[in-house]
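S.K.: Starting off with a structure, shown below.
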Amino acid sequence: MIWLKNAWYVAGFKHELDGDNFVARRFLGTAVVMMRNSDGKVAALRDMCPHRLLPLSAGRRVGDELECGYHGMRFDVSGACTLAPGQTNIPKQACVKSFPLEEKHGLLWIWMGDAERADPELIPDIRWNDHPDWTPSRGYHHIKADFRLSVDNLMDLGHESWVHLRTIGQGEEEVIPNYPVKVSIEGEGLVRAHREMPNIEAPPFFAMVLNHEGRINRWQTAISLAPSICMTDFGVYPVGTSADGAYRSHVLHLLTPETETTTHYFWSVARNQRLDDEKLTEDICKAIAQTFDEDAVVLELQQKQVEAEGGPVPRLALRVDEAPIRARRVLDALIQKEKEDPDFVYRPQLMIEDVTPELAMS
Amino acid sequence: MIWLKNAWYVAGFKHELDGDNFVARRFLGTAVVMMRNSDGKVAALRDMCPHRLLPLSAGRRVGDELECGYHGMRFDVSGACTLAPGQTNIPKQACVKSFPLEEKHGLLWIWMGDAERADPELIPDIRWNDHPDWTPSRGYHHIKADFRLSVDNLMDLGHESWVHLRTIGQGEEEVIPNYPVKVSIEGEGLVRAHREMPNIEAPPFFAMVLNHEGRINRWQTAISLAPSICMTDFGVYPVGTSADGAYRSHVLHLLTPETETTTHYFWSVARNQRLDDEKLTEDICKAIAQTFDEDAVVLELQQKQVEAEGGPVPRLALRVDEAPIRARRVLDALIQKEKEDPDFVYRPQLMIEDVTPELAMS
Amino acid sequence: MIWLKNAWYVAGFKHELDGDNFVARRFLGTAVVMMRNSDGKVAALRDMCPHRLLPLSAGRRVGDELECGYHGMRFDVSGACTLAPGQTNIPKQACVKSFPLEEKHGLLWIWMGDAERADPELIPDIRWNDHPDWTPSRGYHHIKADFRLSVDNLMDLGHESWVHLRTIGQGEEEVIPNYPVKVSIEGEGLVRAHREMPNIEAPPFFAMVLNHEGRINRWQTAISLAPSICMTDFGVYPVGTSADGAYRSHVLHLLTPETETTTHYFWSVARNQRLDDEKLTEDICKAIAQTFDEDAVVLELQQKQVEAEGGPVPRLALRVDEAPIRARRVLDALIQKEKEDPDFVYRPQLMIEDVTPELAMS
């Protein structure tokens, strides 16, 4: 098993359940259908009729119930059957498993493990997706790769210099891995990798957001929070100005395993400046979508290679692999604990503040 | 093994072998090629050259023989090799298995089991496809599902109220499973499920065939005849008129397993009124094709679910499942008998007459 | 294992590595990337970065090195890493396997086995692809079949009468298998099958190359040289003229296994007449491409049948199978020797001369 079961996973954006609809999506290998009740509460059910196995999402919504498209069995959001065709008594096995589903920070969070342990307090604080001081640009990518390859990718931002030259990567003499990175582990689930790049040329994306063509200072902090959330905290400011005025973003990479070889990648790029500039919001969406398209190509190639060749990745540990390897070990340790200790519950802590990090560069 | 081997299966419509052609089709997992001899007799061979395994259907027909497209070996309709390239003596292994193929009721019937037991008298009497008192509308669907899911579907006509609202299903207050069904087993292979629906609104298909918009009486008798033929006998007539004048159809569902997960579905909808109305014949074809397209969507979804989730279906038995479950048991018992008793031969009996059934409704 | 490991296989045409490019191709199941150094030497590396497994061919060429597209690791043509991102010391495991690659007769030759045994003197003499007395028409087919099915096909030219009637096959009364074939084995790897067809009608291809419509004499010698090269030596000349003036071709069928079920088919049809007729060169390309398209249809059908039905082919040995069966036995014996004797190295000898064969026909 490559997944931590007792944990909140991002199931989508809150707005996806606006209106009288439902959303079908697979998480950790299990097909789920989600909807918002007329009383405003969100709910998630196993997406399979207990009778003849049809996906409920192949049927229709009737009020606050889902009706199977084969025989009209209806289920409320608790998974209880409210109507069985041609009979008044409802067999007690006629129910659908429900999953805890919560809303927080503008997101939907699902708990695929033991429902009794699903404490909403355990949802990590990633407030920047939905906070008045930050403006998000949001999107979604479906990645045909194990989510751990995405975490590797996000914890090693050095790859930007080869994969993302058209948007965010430094090229030539200033390739990112040449700047030292400091890796730390915090709590039982968080790995942080911080790097500063003083006095560099601005890659196209940063020139755009700063509206500035000259040389800049740049920092990037890659954070992974087990089991599968990453966050890139970056700041950029023109050389000669103060870091306090930096253009900052919290880039939320909300990864949720769909299957062992595919991943939902919800993302939100929250910025601290030009908050009302809608064109900028849209331009960031486009640039980040392009950037993550570039990652998808690499990740999907890598997935195929891993499937064909087997064995662990990386095969060969470079310095750039320190943070990804630590993040994998942190997750493996949690999965091991969950397996061994029936009372164990992982309490994720995102110990990050909105203050500018202490920078070594001026 | 999910198939009864010693039985006649429908291999196609008789008219498919008109002319100087051949038809390649897989039955019970085995590729077969069929043709009509110049003396009018039909024949079926294993569709594989015994030399280098090419399908004979990838070659050509030469008179009453099939010629392999690789080296020109020729086989007559008994499967004997009549010509081997570059040699005058023909090796005795150079022959192709032939299968008994018969014509009856406008259909082709193939026997995939022990050829010595292939008694044409065992072909069931489904005369309505080819009878002067009945006019058929015919068609074919290729279903990507186990044929038993189709039998389930056809023995439980209650699903019409959800799957076929646009053609034959009653909706809203008159959903079909609300009308009681009487299930009986006849002989060793036949299950019958009879239901009457007095004084209902006419679904679009019945309004069309009756040319009548008001309320109607309707009956439906679903019959399964092991191993894989179903028949729906339905009648409709305006409220206030006599059942003796009912518009009736014998809907023949001629299912033949192609593989364990795919099914040939030949169908013929024979009616007893407006026999010469060719536009009606065509309109019925269209409406029924649409109806069976709707079934195909459900069946193919269900097949995928069964493959992914495993286990028996239904998982949960509702009242609507009585007839399908009995039909499965009848088939399973026959397969078991065939396995255990080397002398056993199943003798299908379609004990249905063209008289109006005794109806409880007026 | 169906492959002889210690042997030279054709990896492509020499001209494919002209310029500042690289070519990625799979041989014997292993992905390889090939390039020509700036000093003119060709080289082949395993197409996989030792770090995160990305194909090197998904990166780019930088001078004489390949750069991985994920983290910019660079490898020279020996497979040594010359640059690792973010570090000055290069881990010693950071290297890529290289394969011996040679150029001879206008072709690239790769050795996938034990590199120490890769003696360029073992490359077979197939000079006609690149010789002033012969003009080649060249092409490539990707065949979705085991290369041994192609060898079968090429050692049994009788199939031309059914597969290639539009180009090179005799039809009707003159079907090729009716002419006797003489099969001989030479050395440890070569099988030869010679057939003469006096006074026959000229199939379209031969009428074109001879620019002659009347009856002709034709010979064909099919040669297989283990592990996977075939050559068809044919000659045609008008009846009443001398064989010494025959239009001859050496048709080189340079088969290299890509996987167990797919084959690279490089081909070169070298002729001894009208050497400077560029339109003829092009017309031969077109006719042969069409001919091999016809073979591909048969071979791919056969591959599917072999996968579905299992077992050896042919199932049934006809006279036309003598040469293919002998060629398979020769290859099997070499593979067996390679397995049993660690010191064994196969020395292919193509004992063919450019003299007209001794013909029985006038």
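The values are calculated or read from the model by the stated rules, or taken from the named source; none is laboratory data. Just so you know, these numbers come straight off a predicted model, no measurement behind them. In this analysis, Cβ positions are derived from the backbone assuming ideal geometry, glycine residues included, and neighbour counts consider all displayed protein chains.
S.K.: Could you check how many residues of the stretch B:210-219 are crowded, with 22+ Cβ neighbours inside 10 Å and either among the small types (Gly, Ala, Ser) or closer than 26 Å to B:His142 by Cα (or both)?
M.R.: Counting residues in the stretch B:210-219 that are crowded, with 22+ Cβ neighbours inside 10 Å and either among the small types (Gly, Ala, Ser) or closer than 26 Å to B:His142 by Cα (or both) gives 0.
S.K.: So if I check each of A:Val320, A:Val306, A:Val297, which one is of a type in the set (A, V, I, L, M, F, W, C) and over 30 Å from A:Pro204 (Cα atoms)?
M.R.: So the residue among A:Val320, A:Val306, A:Val297 that is of a type in the set (A, V, I, L, M, F, W, C) and over 30 Å from A:Pro204 (Cα atoms) is A:Val306.
S.K.: Kindly provide the set of residues from the stretch A:149-194 that are assigned to a strand (DSSP E or B) and over 15 Å from A:Val320 (Cα atoms), ordered by number.
M.R.: Hits for the stretch A:149-194 are A:Ile185, A:Glu186, A:Leu190.
S.K.: Among the numbered criteria (1) closer than 28 Å to A:Lys337 by Cα; (2) modelled with pLDDT under 95, which one does A:Asp146 miss?
M.R.: The failed condition is (2).
S.K.: In addition: Of the conditions (1) at pLDDT 95 or above; (2) part of a helix (DSSP H, G or I); (3) of a type in the set (A, V, I, L, M, F, W, C); (4) over 19 Å from B:Arg218 (Cβ atoms), B:Ala308 clears all except one; give me its number.
M.R.: Exception for B:Ala308: condition (1).
S.K.: Just name the residue that is nearest to the other protein chains (Cβ to nearest Cβ) out of those in the stretch C:169-191 that are in contact (Cβ under 8 Å) with a residue 60 or more places away in the chain and buried (at least 20 other Cβ atoms within 10 Å of the Cβ).
M.R.: Ranking the qualifying residues of the stretch C:169-191, first place goes to C:Pro177.
S.K.: Determine which member of the set A:Met208, A:Met231 is within 23 Å of the chain's Cα centre (by Cα) and not assigned by TED's automatic domain parsing to the domain that holds A:Gly29.
M.R.: A:Met231
S.K.: Going residue by residue through the stretch C:115-122, is there one that turns out to be within 10 Å of chain A (Cβ to nearest Cβ) and not basic (Lys, Arg)?
M.R.: No.
S.K.: Another one. For the stretch C:292-320, how many residues are of a type in the set (D, E, K, R) and within 8 Å of chain B (Cβ to nearest Cβ)?
M.R.: Residues in the stretch C:292-320 being of a type in the set (D, E, K, R) and within 8 Å of chain B (Cβ to nearest Cβ): 3 in total.
S.K.: Okay, next question. Kindly establish whether C:Gly86 is at the interface with chain A (Cβ under 10 Å from one of its Cβ atoms), over 26 Å from C:Trp3 (Cβ atoms) and touching a Lys or Arg at 6+ places or on another chain (Cβ under 8 Å).
M.R.: yes
S.K.: Hey, another quick one. Answer yes if at least one residue in the stretch C:90-98 is touching a strand residue (DSSP E or B) at 6+ places or on another chain (Cβ under 7 Å), assigned to a strand (DSSP E or B) and at negative phi, and no otherwise.
M.R.: Among the residues of the stretch C:90-98, at least one is touching a strand residue (DSSP E or B) at 6+ places or on another chain (Cβ under 7 Å), assigned to a strand (DSSP E or B) and at negative phi, which makes the answer yes.
S.K.: Could you grab me the full set of residues in the stretch C:48-83 that are assigned to a strand (DSSP E or B) and either crowded, with 21+ Cβ neighbours inside 10 Å or more than 8 Å from chain A (Cβ to nearest Cβ) (or both)?
M.R.: Matches in the stretch C:48-83: C:Arg60, C:Arg61, C:Val62, C:Glu65, C:Leu66, C:Arg74, C:Phe75, C:Ala80, C:Cys81, C:Thr82, C:Leu83.
S.K.: While we're looking at this one, here's another question. Considering only residues of the stretch C:236-284 that are of a type in the set (Gly, Ala, Ser) and out of contact with any helix residue (DSSP H, G or I) (no Cβ under 7 Å at 6 or more places or on another chain), which is nearest to C:Trp134 (Cα to Cα)?
M.R.: That would be C:Ser249.
S.K.: Enumerate the strands (runs of 3 or more DSSP E) found wholly within the stretch B:203-276, keeping only those where 2 or more residues are under 26 Å from B:His105 (Cα atoms) and charged (D, E, K, R).
M.R.: B:247-259
S.K.: Among the residues of the stretch A:327-337, are any assigned by TED's automatic domain parsing to the domain that holds A:Val191, touching a residue at least 24 places away in the same chain (Cβ under 8 Å) and touching a strand residue (DSSP E or B) at 6+ places or on another chain (Cβ under 8 Å)?
M.R.: Yes: one or more hits.
S.K.: Also, quick follow-up: Give me the pairs: first residue in the stretch B:244-258 and more than 27 Å from B:Asn6 (Cβ to Cβ), second residue of a type in the set (Gly, Ala, Ser), beta-carbon distance under 7 Å, and six or more apart or on different chains, which are they?
M.R.: B:Ala246/B:Gly235; B:Tyr247/B:Gly235; B:Arg248/B:Gly235; B:Ser249/B:Ala270
S.K.: Of (1) in contact (Cβ under 8 Å) with a residue 40 or more places away in the chain; (2) surrounded by fewer than 22 Cβ atoms within 10 Å (Cβ to Cβ), B:Arg315 satisfies all except one. Which?
M.R.: With respect to (1) in contact (Cβ under 8 Å) with a residue 40 or more places away in the chain; (2) surrounded by fewer than 22 Cβ atoms within 10 Å (Cβ to Cβ), B:Arg315 is out only on (1).
S.K.: Can you go through B:Asp283, B:Asp276, B:Asp295, B:Asp244 and tell me which one is surrounded by 15 or more Cβ atoms within 10 Å (Cβ to Cβ), more than 24 Å from A:Leu53 (Cβ to Cβ) and in the same structural domain as B:Leu225 (by TED's automatic domain parsing)?
M.R.: It is B:Asp283.
S.K.: Quick check on the stretch C:22-29. Is at least one of its residues more than 10 Å from chain A (Cβ to nearest Cβ) and under 30 Å from A:Tyr179 (Cβ atoms)?
M.R.: No: the stretch C:22-29 contains no residue that is more than 10 Å from chain A (Cβ to nearest Cβ) and under 30 Å from A:Tyr179 (Cβ atoms).
S.K.: Could you tell me whether the stretch B:329-341 includes any residue that is out of contact with any Phe, Trp or Tyr (no Cβ under 6 Å at 6 or more places or on another chain), surrounded by fewer than 19 Cβ atoms within 10 Å (Cβ to Cβ), under 30 Å from B:Asn217 (Cβ atoms) and of a type in the set (Lys, Arg)?
M.R.: no
S.K.: So for the stretch B:94-101 (the condition being within 14 Å of another protein chain (Cβ to nearest Cβ) and farther than 21 Å from B:Phe27 by Cα), does at least one residue qualify?
M.R.: Yes, there is a match, as at least one residue in the stretch B:94-101 is within 14 Å of another protein chain (Cβ to nearest Cβ) and farther than 21 Å from B:Phe27 by Cα.
S.K.: Given B:Trp109, B:Trp3, which one is in contact with a strand residue (DSSP E or B) (Cβ under 8 Å, 6 or more places away or on another chain), among the hydrophobic types (A, V, I, L, M, F, W, C), in contact (Cβ under 8 Å) with a residue 60 or more places away in the chain and outside any strand (DSSP E or B)?
M.R.: Answer to the selection: B:Trp3.
Rundown of residues vs (1) out of contact with any helix residue (DSSP H, G or I) (no Cβ under 9 Å at 6 or more places or on another chain); (2) at pLDDT below 95, yes/no style:
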| site | (1), (2) |
| --- | --- |
| C:Leu17 | yes, no |
| C:Asp20 | yes, yes |
| C:Phe27 | yes, no |
| C:Arg61 | yes, no |
| C:Leu66 | no, no |
